[in-house]
Structures are given as C-alpha cells and as structure tokens.
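Take a look at the structure below.
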Amino acid sequence: MGESKLDLLQGTLDLMVLQTLATIGAQHGYGIARRIEQASGDEVRLNQGTIYASLVRLQQRGWIDAEWGISDNNRKAKFYSITRGGRKQLEKDAAYWQRLSDVMGRVLAMSAEGNL
Amino acid sequence: MGALRRALARVRSFYQKPPLDADLEAEIAAHLEMAIEENIRRGLTPLEGRRQALIRFGGIDLAKDKQREARGLMKLDILLQDLRYTIRTLSRDRGFTLVAILILALGIGANIAVFSVVNTLLLRPLPFPNSQQLVRIHQKDPEGGDSSMTYSTDAMQAFQQQNRSFQQITGYFAFSGPDNVKLIGNGQPQPITGLSVAGNFLPTLGVTPMLGRNFSTEETLKNSRPVALLSYPFWKRQFDANPAIVGQTINLDGTQTTIVGVLPNTFDFGAVFSPGAKVDLFSPAILDNMEDWGNTMALVGRLKSGITLAQAQAEADSLVPRLLFNNKHVDLGGGYTAQVFGLKDYVSGKLRQSLIVLWCAVGMILLIVCVNLSNLLLARAAARAKEFAMRTALGAGRGRIVRQLLTESLVLSLAGALLGLGMAFAVIAWLAHQGSIALPLLSSLHIDVDALAWTLLIAIVTSLLFGLAPGIKLAGGNLQSAIKDGTMGSGQGRSHDRVRSALVISEIALACVLLVGAGLLLRSFLHVLDVDLGFGPSHAAAISVSYDDSGGVAKRGVILQQILQRVEQIPGVETAGITDSLPMSTNRSFGILPKDHTYRKDEFPATFAYLVTPGYFNAIGMHLVKGRDIRWEDNDKSQGAVIVNETVARFLWPGQDPIGRIAEVAGYEVHVIGVVADVHETSAETNAGWQMYLSQTSPQLGPMGANLVIRTKLPPASLASSVMAVLRQMNPNQPANEFKPIQMLVDHAGSPRRFFVMLVASFAGLGLLLAALGIYGVISYSVTQRTQEIGIRMALGASRSNVVGSVLSRTLRLALIGIAAGAIASLLVSRAIAALLFNTAPTDPVTFAAMVLLIGAVALLAGYIPARRASRINPMVALRNN
C-alpha cells in the first residue's frame, strides 16, 4: 500500500481523464473509463471505480463540470465536460509529463551506455 | 483562490453528505448497468456480465470511500466516526473509563493547580505596568533584620535626587505592624492596618486610584491636612463600596483624616511586599517628620527605560556609600550599601527553587499517570486484540486502528482534563484565600488563559504519551498471531508482558523518586519544627495593647504595671509580660558596642532590640541563662540595663562573664544584667543573630508599641474576652485587636515550607497510590491470563501457598527492580534539592530505608490481592474453561 505509488497513479489518472474529456467532449464516468482503457490499448487496467475520486477532485478544482443527462442507450448518467481552466491545466500537465518522460528516456538511455 | 474554492467545496460537501452520497450511488449504479449491458452485448451471460463488470469496477465501497475522501473532509468524517465508536466502547467499559478519567483528572488537576501557582509566582510579570523596570533596593548585608534593610528618609531623598539610572526612587515605612491604627467611629474603636508610603510610591508602581486621586505634594509636607487612600477590600468591607466616601473624613487615632481616594482591587500591597499582610489604608509619609527616626524606609525604584540592573547597581555602588544618614548630623556619615534586585526576583526569587521542585513533582505525577494508563490501555488492547485483528482482516488500515486508539486516549484525557480543571479550580480558590501562608501574590491566584492553554497542552501530550504505546504495539502486531493468541487461552505473548512489566517498573521508580523527595522535605520540616526557637510558642498568646501615657515614661511604667497585675489575676493566666516587638514579626535593630574598646562603626552586625517589661521572658518562655530579669526600677536616666543573648555575649565578651559589663546602645550607656538563650528572630531556619533586651520603661529609648503576652495552660482563645475586658477597663479606647496565639507567628514564618511539604507529600502519596494500582493491574492481569496454567499446576500438585508464593515473588521482583532504579534516580534528584533541605542529608538513610520499606509493603499488598485470587482457582473449572 505504498502511498507514493498511489499518488503517482492519481496524478496520472487525473491527466488521462482531462485528456479524454478534451478529445471526446462530454462523457459519463463509465465512458471515460472505457475510453482510457481503449486508448491505452488495454494496457492500463484501472479499477474503474477509482475514476470517481478523480472526477470529483477535478470537479472541485473547477477543471471539469458535471451535469446529469441521458446516455446513448437512454440511461440517466452524469456527464462530465472539461472547462477552460481544465484545458489550461491539461496543457500544463501534458507538457510536464512530456518533459518528464523525455528526461526519463534520456536518463535510461545514458545508463545503458554507462554499462558498456 | 483555487485552494480556497477547493476548501469551501470540501466543507460544503461535508455538510451535504447524504445528497452527495445518493448522487454517487446513482452514478455507480448507472456505471455498472452500462458495463453489464456492454458485456452482454459482447456475448456474456447476464450473470457473468455482472461478475466481470464488478471485477472491472474493483470494490464499490473502496471507490465510494476514495471518492468521499477526495470530495470532502474525510479526516473529519473519520474523526466523527472514531469519536462515536470511542464513546460507545468507553461507555460499555464503564469501570475502566471511570478509573482512567479519575486518574487523569488527579494528574492533570494537580498539574494545572501547580502551573497556576508557578505562573502567578514565577512566570507572570508583577501586576504593575512595565513591572520589569521595578526594583527593590536594600543594604547588602541584611543581618540586622528590617533596620539594616532600610534607609533614612534623608538618604532616600538624596538617592532620588542624585541618581541618573532611576525614574523614581521611592519607599514605604517598613516598621508598621498589623492593626496599628484605631478607626474611631460609633461604638468600639476598630483596629485597622495603615501604612505610610512616600508621596511618589503609588505613581512609581503605576497604581492609580480607582476613585479620587493620589496624594498631592502638599499633603506630603509637614503640618499638612491628614489624608488617606483606602484599599479596595477595606473600602468594600468598611464602607460598603460607597463611592461617596471620597472627600469625607474619618477619625484615625483621634485625627480627622480626609479620604482622597480608593485604590483598585488589583493592587494588593501585602501580596507583593509583605506576604500574608493586609493593608487597609495608605497615608503619605511626612518625610520631614521622620528625619530623626533612623532607618525607616524600604526602598523601591523604577529604572529608566534601557537601563539594566547591572548599570543601576554600578551607579548605586558609587552613589549610595556617599549618602548621609541624617543631613543634620553630617558627622554620622551614612555607611550605606545598596543591592538592587528586580522586584519580581525579590518577591519570588527565594521560591524559585521550591516551585521548580514542585513543578517537577507534578510532572512526575503526570508521567506516572501516563504510564498507568498506558498499562491499563495495553491490558485492554490485549483483550481487544481479536477485535482489532478482525477489523484489520475486514480491511481497516493499521493507521486507522492506531488513529482509533489515539482518539480513545484523547477522549479520555480531555474528559480527565475537564474534571481536573474543576478540581484545580477548587484547589486554587481555596489557596487564594489562605492568608496564613506567607507566600507572595497568593491572593492573585486564579486560573487564567495561560492555565487553560496549559491544560489543553497537557491533555494532548498525555493522550499521545499513553495512547502511543498500545497503538504501536498493536500496529506492529501480527494479525494471525493476534487472532490465534486470543483463542488458544495459553496466555499472552511474552513480549506483551515485558512491555507492561517495564512500564510498572518505571512507575515504581518514579514513585520512589517522589517518595524520597517528599521524605527528605518532610524530615527537613520535622527538623525545623524541632528547632529550639529559644522561646515557647505553645501555651502563649499575644495582643497589641494601646494605652495613653502622653509620652511620659513614668506614667507608662505605672500603666503597664497595672495592666500586667490585672491580667495576671485573670484565672488561667500564669504569667504576663509586655514587649514592643514579638519574635518572627516586626523587628528593629541598633548597634551595641562594649564600652572599654573602640571599634570601627561597621565592625559589628546590627543587633535586634526589644523593649520588654519584667515577666516578659517567663511569658514568652525564654530562658534566662545568667543574671537577672529586667525590673521596673531599671529606669536610671544615666545608665540603662540590657540583657543580651548568648551570641552577643560570646562575641563581645568571649570567655568572660558579661554580667556587669558596660556597653553603649544608640549613644546611651547600658550595663549588662543578664544573658538569655538565643531566639530565632526571623524563622526557625535562620540563625538567631544578635539580640538585646532593654526596659520598656527606659527613659532613653521609646518602644515601637506594646504587645501583651500571656502564658496559660488553657486554650488562648478562651481568655480573649476576659483579657479584652481588662484592657478596656484600663483604656476605653483599646481597639478590638486580635488575640493571637504565639504559635501562629511561628506557623506563619514556617508556612512556605509547610505548604511545599504538604503539596510534595500529597503528590508522593498520589504517586504511591498510582504505582500500587499499576502493580495490581499488571499482576492481576497476568493471573487472569495464566488461569489455565495455574490450574494445571494445581492439578499437578502445587499447593495454594506455592501459587501465592510464585505470584508474590513475581510482584517482588518487579518492585525490587523498580526500587533499585528509583533509588539511583533519587540519589541524583536529592542532590538537586539539597538546598531546600534543613539539617537533612540528601542521602538520609532513614528516608531511603523508609521509602524502600513503604514501596515494598505497598507492592506486596498490591500483589497479594491477585495472588489470593490465583490460589482460589479451581483447577477443574480453569481447565474446562477455554
């Protein structure tokens, strides 16, 4: 139950949710979860339930809005959509992640050379 | 901004929990249904589709918890939950809860009470504005009592004018006793206590009258209109707090005196300058009239801002020796020295060590309380191990369980703190009204914000201290073994026992330290009581007598003789005598120099002087060692008679017979007629010093007053009315002064020590009780745990005495380790309090032996109760009972 791992996951999930909403527009929790799973080529197997903590967190920060509506198959569901603030945050976070992954890639490559 | 909005959203969501929960519930339900539908569309059976959907969702409750945590005040939620649960469990275990709260209340209450005392006496500044600037100044070697602590009015005024370090130098008349003024109104004259202070005394302290005004400059001059300021309690008591009294006149000793104001309730002169004394009214000291009275003024000053004590001291060192005793007698010089003390330091500096010891003692009590509760909680936790293991198995995190335990201890200590606060309130209220304890500032004792903050701090710290041990224990425990341990009935794991034993041992050791400390202080106190004071305080009582001799010595002699004759005729009165000042109350001193030598002026210490009548020595119970008593005829104008104490005789006439020697006192010639045993003037603990006794009717020296002392076998109070009747016959204006047992003076002088001994001893008693409780708890618990084992042993042939013996030996082992550790700690601690001891070595073997015996006995007693229970175990029942 290492907390740091959980934190990392949380941050990642928030970013994934924002990105999903930015690309596909308003969507309900299940839709978002499925979309993330699909987009990641089913490599991310998240506990779908955890998405609701992420959603409420983003909502409280004012990055997404929520509204009850009717789904494609006529079901009452809560639809989330990204706000202007959310898009800005997404830009910032995405850039951060990009940088981090670049750096990680370079560092890992270097260590491989160092081993020679 | 964002953080604020988020916080608000969280708070809002906390209060809207039910609707938000319902919302989430609906959302999750929709989620699952969509997932199931999709699964069915992919060709799964409805049942399998549902199963897959649930698996993918991953723990509905967990998701809900996480969402709640993210959205709201999860911590507060959990806290409330923990609180509810705590209150439920605690109210189920009422016995435990009551004992725990009571123990905590005693520990915390004692701490709050002592903190309030320490805060009032040591920490809080004196109740004057910028009190850090206030200083007390007295001479460097105050061996001669009040006279050599004080300065003449000329010296005071010169000091005030010539210094550069002080805003003001002021003073008060140091020689006024209680009940020194008669308030004459309707009916009998009433004794009240007046004090003359320099005109700038109250302004220097920063005290402004609540009503009216301070003395004007004219009112401090010779032949001015007599005025007075009333103290607040006196104004309330005597004048029903009537504001119209300001501007009216009252009759004091036959003089119409105008009341110019009333002082605020916050100003208590006695509390700061003369512990235990109450002053009813203040009048301006007419310095011009007092010039020839000698050293009369006790000096107080206010430093200029930015001037340090050291700077003031340096200036005083150069200035004060140049001050003149009397401007009219430049030849007398001055010979003054000055020591400048911060007023706060002067007031409570001597108590600092005692107070710190007291504080440490209650601190130890609190530690014992914590240890005790840790032990109780450990025992409880052990019994609840299964419950916790079950909760862990059901998904409660360790952190959550520890938090639950801490909540329990917090609730307990807050409840204890609340009850303790109540106890402390009662104790403090009682203490604040103990006028008989000569501690400064006692009347201003109260529980203030500081004390409340202290209470809260203590409560939290204690709960952490005693809640942590069981918490850590549990959190680190092994789930499986916990579940198993409880069911096997084979007794607790050894490690658990070891922690509890260690706790009990430390408890015993702490109690040891407390007991040794209290024992040493108690022995010191008994030694102080045992000191031969040089007079017999029991069976003697005194009353201040007023008479009108119109200043004639001859008339005074006749009046006093008559008073004594009539008083001695009262049935029950054995002997009677009169003195101007009683031992351990006010005093004054002169020099005494043998005639046949020339000495430097400052070669001999000042000598306490008492003007007494024949019979006084018998009445007060002093021992005439040599020579004879004073006689009424000893009023020779050319040569007075003096009786010196042994110290003086030994010093002035070593190895010689002092009787018949000629000496000089205050410029007059006296011859020595007798030697008396030394009397402890200030307290039993200080040396007697130099003393001499002259006649009340000597033409050379005027008495400071007249205190009638009677010796009787009856309780003194029973004679009060008949003595008063005689005094009234002699002088209708005799005020209704208090008839005081002499023992009261002695008790008053010893009251600070008595106070501390009483407190430390009661803390030690409390510590012992708690330690006994701790021992009982541990032994009793281990007997319960080992019921089966004991049963088996008995079944195998162990006798009852075997069982009792084994339990007792375990108790004794704990006690002995504790005592050994405690004895070592005590040796260190007793050295630290050595300065507080009187005629008692810090390693006093009697005290240590008594401590060992007492704790050993208490431990055995505490162990015997469970041991007896163990011996009554029925093997059959024990074995069958799982």
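Coordinate-derived values only; no laboratory data. Note that this is a predicted model, so its numbers are computed, not measured. Backbone-built Cβ (ideal geometry, glycine too); neighbour counts: all protein chains shown.
Counting every other Cβ atom within 10 Å of each residue's Cβ, B:512, B:370 order from fewest to most as B:370, B:512.
For the protein assembly as shown, the residue among B:819, B:156, A:55 whose Cα projects farthest onto the positive side of the dipole built from Cβ charges is A:55. Considering only A:13, A:41, A:66, the residue lying farthest towards the positive end of the dipole of region A:3-114 is A:66, judged by Cα position with unit charges set on Cβ. Cβ-to-Cβ counts within 10 Å put B:664, B:218 in ascending order as B:218, B:664, the fewest first.
3J(HN,Hα) along region B:340-346, derived from phi through the Karplus expression 6.51 cos²θ - 1.76 cosθ + 1.60 where θ = phi - 60°, amounts to 9, 10, x, 4, 4, 5, 5 Hz, with x in place of Gly and Pro.
Taking the Kirkwood radius as the inverse of the mean 1/r across Cα pairs, report the Rg/Rh of region B:253-311. Walk me through the numbers before you get to the answer.
On the way: Rg = 15.7 Å, Rh = 15.2 Å.
That ratio equals 1.03.
Please state, as a whole number in µm²/s, the translational diffusion coefficient that the Stokes-Einstein equation yields for the protein assembly as shown at 25 °C and 0.890 mPa s, with Rh defined as the Kirkwood radius across alpha carbon pairs. Here the translational diffusion coefficient equals 68 µm²/s. Which shape class applies to region B:239-355: rounded if a/c is under 1.5, otherwise prolate when a/b exceeds b/c and oblate if not, where a ≥ b ≥ c are the square roots of the Cα gyration tensor eigenvalues? Oblate shape, in that a/c is at least 1.5 and b/c is the bigger or equal ratio. Average projection, convex hull of the Cα set of region B:547-734: 11.2 square nanometres.
Using a 10 Å cut-off around each Cβ of peptide B:433-439, what is the average number of partner chain Cβ atoms that fall inside? Walk me through the numbers on the way to the answer.
Details: counts 0, 0, 0, 0, 0, 0, 0.
Going residue by residue through B:433-439 and averaging, the value is 0.
Relative to the dominant Cα principal axis of chain B, helix B:742-785 is inclined by about 10°. Placing unit charges on each Cβ (+1 for Lys and Arg, -1 for Asp and Glu) gives region B:140-337 a dipole about its Cα centre, and among B:230, B:283, B:251 the Cα reaching farthest toward its positive end belongs to B:230. In this label model, residue B:452 and residue B:865 are separated by 3.8 nm, measuring between points 7 Å along each Cα→Cβ vector.
Of all DSSP beta bridges in region B:140-337, what percent run antiparallel (nearest 5)? Antiparallel bridges make up about 75 percent of those DSSP assigns within region B:140-337. Label-to-label distance, residue B:99 versus residue B:733, with points set 7 angstrom from Cα along the beta-carbon direction: 7.0 nm.
Using packing as a proxy for protection, rank B:446-454, A:19-27, B:152-160 so that the peptide with the highest average count of other Cβ atoms within 10 Å comes first.
On the way: B:446-454: 14.7, A:19-27: 17.3, B:152-160: 22.3.
Put in order of decreasing packing, that is B:152-160, A:19-27, B:446-454.
For residue B:606, nonlocal amide neighbours, meaning residues 5 or more places apart or on other chains whose placed amide H falls under 5 Å from its own, are B:144.
Take every pair of alpha-carbon atoms less than 8 Å apart whose residues are at least six positions apart; their mean separation over the length of chain B yields a relative contact order of 15 percent.
Summed over qualifying helices (DSSP H, 4 residues or more, each -39500 (n - 2.57)) and divided by its residue number, chain B shows a 222 nm mean residue ellipticity of -17500 deg cm²/dmol.
Calculate the tail of P(r) for chain B: the fraction of all Cα-Cα distances greater than 38 Å, expressed in %. Don't jump to the answer; show the numbers that get you there.
Values: 229260 of 388521 pairs.
Above the 38 Å cut-off, chain B has 59 percent of its Cα pairs.
Considering the zone a paramagnetic label at residue B:569 would reach in this model (a point 7 Å from Cα along the Cα-to-Cβ line), which residues of region B:701-737 have amide N under 13 Å from it? The answer is B:726-727, B:729-730. Per residue of peptide A:52-63, the mean number of Cβ atoms on other chains within 10 Å of the residue Cβ is 6.
Distance between the modelled labels on residue B:256 and residue B:327, one decimal in nanometres: 3.2 nm (7 Å Cα→Cβ projection).
Please report B:179, B:240, A:93, B:292 as a ranked list, fewest other C-beta atoms within 10 angstrom at the top and most at the bottom.
Working: B:179 21, B:240 8, A:93 17, B:292 11.
Ranked by crowding around the Cβ, least crowded first: B:240, B:292, A:93, B:179.
Shielding by partners for peptide A:21-31, expressed as the average number of C-beta atoms from other protein chains within 10 Å of each residue's C-beta, is 2. Less than 17 Å from a label point 7 Å out along the Cα-to-Cβ axis of residue B:758: which backbone N atoms in region B:414-444 qualify, by residue? Backbone N within reach: B:424-444. Between residue A:22 and residue B:44, what FRET efficiency follows from the Cβ-Cβ distance if R0 is 45 Å, with the result rounded to 0.05? Step by step, r from the Cβ atoms, then E = 0.90. Decide, for region A:13-110, between rounded, prolate and oblate: order the square roots of the alpha carbon gyration tensor eigenvalues as a ≥ b ≥ c, take rounded if a/c falls under 1.5, and otherwise choose prolate if a/b is larger than b/c, else oblate. Prolate.
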